[in-house]
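Asks: Just passing along the structure, written as structure tokens.
The values are calculated or read from the model by the stated rules, or taken from the named source; none is laboratory data. What you see is a predicted model, and the numbers here were worked out from it, not measured in a lab. Neighbour counts are summed over all protein chains in view; Cβ atoms, including those assigned to glycine, are modelled from backbone coordinates with ideal geometry.
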Amino acid sequence: MSAPVVHYVTPFSNRLHIITWNVGSAQPPDDITALLGLNVGDGNTDMYIIG
């Protein structure tokens, strides 16, 4: 019988903000602050994923 995974992995939480810019051939805005959501939330995002 194997032990539960919790014995081998230390749990932690990360906050991810995942965005994509895919609007035909349009370019993303020069100021991507709004796109990244930097003005919203509590500022505790750990990682941004942009695709």
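Asks: Which pairs have Cβ atoms under 8 Å, sit 6 or more apart or on different chains, and link a residue in the stretch 23-48 that is without any contact (Cβ under 8 Å) to a residue 40 or more places away in the chain to one that is assigned to a loop (DSSP other than H, G, I, E, B) and surrounded by fewer than 10 Cβ atoms within 10 Å (Cβ to Cβ)?
Replies: Thr33/Asn39; Asp46/Asn14; Met47/Asn14
Asks: Moving on to the next point. Among what's in the stretch 29-50 and is in a loop (DSSP other than H, G, I, E, B) and among the polar types (S, T, N, Q), pick the residue that is nearest to Arg15 (Cα to Cα).
Replies: Per the criteria, the residue is Thr45.
Asks: Moving on to the next point. Out of Gly43, Gly24, report the one residue that is modelled with pLDDT under 75 and either out of contact with any Ser or Thr (no Cβ under 6 Å at 6 or more places or on another chain) or not aromatic (Phe, Trp, Tyr) (or both).
Replies: Gly43
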